[in-house]
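Q: My structure is below; once you've seen it, I'll send some questions.
Every number here is computed from the coordinates shown, using simple stated rules; none is lab data. Every value quoted in this text rests on a predicted model; they were computed, and no experiment measured them. Heads up, the Cβs are rebuilt from the backbone with ideal geometry, glycines too, and the neighbour counts pull from every protein chain shown.
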Amino acid sequence: MSGTDDLLVGARALAAELDASEPPTLLDVRWRLVGPPGRDDYAAGHVPGAVFVDLDTALCGPPGRSGRHPLPDPAALEAALRSAGVRDGRPVVVYDGGDGMAAARAWWTLRWAGHRPVRLLSGGYPAWLAAGLPTSDDVPTPEPGDVTVRPGALPVLDASAAARLAAG
């Protein structure tokens, strides 16, 4: 996969994919730095079939010495992704509230974990709404996934390494 065509999917194209016999796994990762949790937005309405995955508790480790949103424990991430229905080698599409921050973090985390077929809904949930596509407040119960988290597929840089890189 290379280029933005493989990174982003438009709302209407995603709607067509969701109607296919093997649709992508759809993850709602709406999140905000301040205010009510994204789960409330998800409960009010989401793309049909989407499973909510919490950025703070599933896609990140607990805040601490490694920062506010450190990488998650691989076993915990694997459990969260499996419960969301993520399967090895099967496409995943993530979306957020439209600013792209949470969706980009989800994309990066999935790629870091070794899951390559992952894209972002261009414009997030607002783009879905603007396209006049249906929404749902039903909470799906996906078949458990079988994804295997293999950390290290993307490079990471801690503060010390960043300082050394900047000095060089």
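Q: At a 10 Å Cβ-Cβ cut-off, how would you order 17, 22, 78, fewest neighbours first?
A: On the way: 17 16, 22 7, 78 20.
Lowest count first: 22, 17, 78.
Q: Next question, about the same structure. Tell me, what is the percent relative contact order of the chain, built from C-alpha pairs under 8 Å that lie six or more residues apart? Mind dumping the intermediate values first?
A: Numbers: 281 pairs, mean separation 48.9, N = 168.
Rounded, it is 29 percent for the chain.
Q: Right, something else. How big is the dipole moment of the chain about its Cα centre under a simple scheme where the beta carbon of each Lys and Arg is +1, that of each Asp and Glu is -1, and everything else is neutral? Debye, nearest 20, please.
A: Numbers: 15 positive and 20 negative charges, 129 e Å.
Rounded to the nearest 20 debye, it is 620 debye.
Q: Read phi for every residue in the range 152-167 and hand back ³J(HN,Hα) as whole Hz from Karplus 6.51 cos²θ - 1.76 cosθ + 1.60, θ = phi - 60°, with x for Gly and Pro.
A: Here the 3J(HN,Hα) series is x, 6, 10, x, 10, 9, 8, 4, 5, 5, 5, 5, 5, 5, 5, 5 Hz.
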